[in-house]
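S.K.: Pasting a structure here, questions to come.
The values are calculated or read from the model by the stated rules, or taken from the named source; none is laboratory data. The shown structure was predicted, so the numbers you read here are calculated from the model rather than taken from an experiment. Please note: Cβ atoms are built from the backbone with ideal geometry, for glycine as well, and neighbour counts cover all protein chains shown. Accessible surface areas use protein heavy atoms only, side chains included; no ligands, DNA or RNA. Shrake-Rupley method; radii C 1.70, N 1.55, O 1.52, S 1.80 Å.
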Amino acid sequence: MASINVNCACGNQFVTEEPTADSGFTVECPTCGARIRIKPPGISHKQFKAATAPSAEERIANRIRKYETISGILWLIIGAVQLVLVWTAAAGVWNIINAIMRLRSVKSIYAGNPAIVPWYDSRRNWLIAFAIVNLVLGGVIGVFLVAFDWWMRDYVLRNRAVFEGSPSQSA
């Protein structure tokens, strides 16, 4: 098997063995741990696409990552607006901190991560407190976003098999 040079988004450059279909044509950066998909020479685009198509579990995890990113950005925007409006500044600070933590944690959402379900399962009381803080200190718009977060929690719990390694379930 041939060696190849790889450039990671973190700036690291490394040499590794050419990936195979068994590895999903991915290599792992030794510095940041990012999984990098590489199309080796000699394989057709059609073969590469078929071998690297995401599984049903990966598609669900990707959807959750996307929704969490959207939610984090919306919380950041709401928090910034609340900071500008003086009487809602306390909720704004709370929402901005939550948004930053959420956006940082998105990368940990992947199929097979057993820590995801307990984290979402434990969010029930936190979401209730978040709704109260936003209703009392921040206005009604934050409550609508809490409803979206509640839906996300239920979506993850309905698809717990994606993260716990049980047989596949779909949404």
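S.K.: Per residue, how large is the accessible surface of segment 31-125? Use a 1.4 angstrom probe and give square angstrom.
M.R.: On the way: 5790 Å² over 95 residues.
Accessible area per residue: 61 Å².
S.K.: So, one more: So if R0 is 30 Å, what FRET efficiency would I77 and D154 give, r being the distance between their Cβ atoms, rounded to the nearest 0.05? Please report the intermediate quantities before stating the final value.
M.R.: Details: r = 24 Å, r/R0 = 0.79.
With a Förster radius of 30 Å, E is 0.80.
S.K.: Could you work out [θ]222 nm for the chain from helices alone, using -39500 (n - 2.57) per DSSP H run of at least four and dividing by all its residues? Round to the nearest 500 deg cm²/dmol. Mind dumping the intermediate values first?
M.R.: Details: 7 runs with 93 residues, N = 171.
So the calculated ellipticity at 222 nm is -17500 deg cm²/dmol.
S.K.: Gaussian network model of the chain, Cα springs within a sub-10 Å range: biggest mean-square fluctuation belongs to which of I100, I36, I116?
M.R.: Per the Cα network of the chain with a 10 Å cutoff, I36 tops the list.
S.K.: Tell me, in nm to one decimal, what length is gained between L103 and T16 on full extension, where the rule is 0.36 nm per residue of separation less the Cα-Cα distance?
M.R.: 28.3 nm
S.K.: Sort C29, C10 by heavy-atom solvent-accessible area, probe 1.4 angstrom, most to least. Walk me through the numbers on the way to the answer.
M.R.: Details: C29 0, C10 70 Å².
Output order, biggest surface exposure first: C10, C29.
S.K.: A further question follows. Among L135, L145, L83, what's the order by accessible area (1.4 angstrom probe), most exposed first? If you can, show how the numbers build up before the last one.
M.R.: On the way: L135 105, L145 15, L83 75 Å².
Listed by decreasing accessible area, they come as L135, L83, L145.
S.K.: Tabulate in residue order the Karplus-calculated ³J(HN,Hα) for segment 53-66, using 6.51 cos²θ - 1.76 cosθ + 1.60 with θ = phi - 60°, rounded to whole Hz; enter x for Gly and Pro.
M.R.: Coupling constants for segment 53-66: 4, x, 6, 4, 5, 5, 5, 5, 4, 4, 4, 5, 4, 4 Hz.
S.K.: Give the separation of the Cα centroids, segment 1-69 to segment 100-171, in Å.
M.R.: Between the Cα centre of segment 1-69 and that of segment 100-171, the gap is 27 Å.
S.K.: Further question: Which of the following values of semi-axes √(5λ) of the Cα gyration tensor in Å was calculated from the structure shown: (1) 39, 20, 12; (2) 31, 17, 13; (3) 23, 19, 15?
M.R.: (1)
S.K.: Let me ask another. With an 8 Å cut-off on Cα pairs and a minimum separation of 6 or more residues, tell me the relative contact order of segment 29-171 in percent.
M.R.: Values: 144 pairs, mean separation 37.6, N = 143.
In percent, rounded to a whole number, it is 26.
S.K.: Could you check how much of the accessible area of segment 70-109 is carbon and sulfur, as a whole percent, using a 1.4 Å probe? Please report the intermediate quantities before stating the final value.
M.R.: Working: 1890 of 2260 Å².
Carbon and sulfur together cover 84 percent of it.
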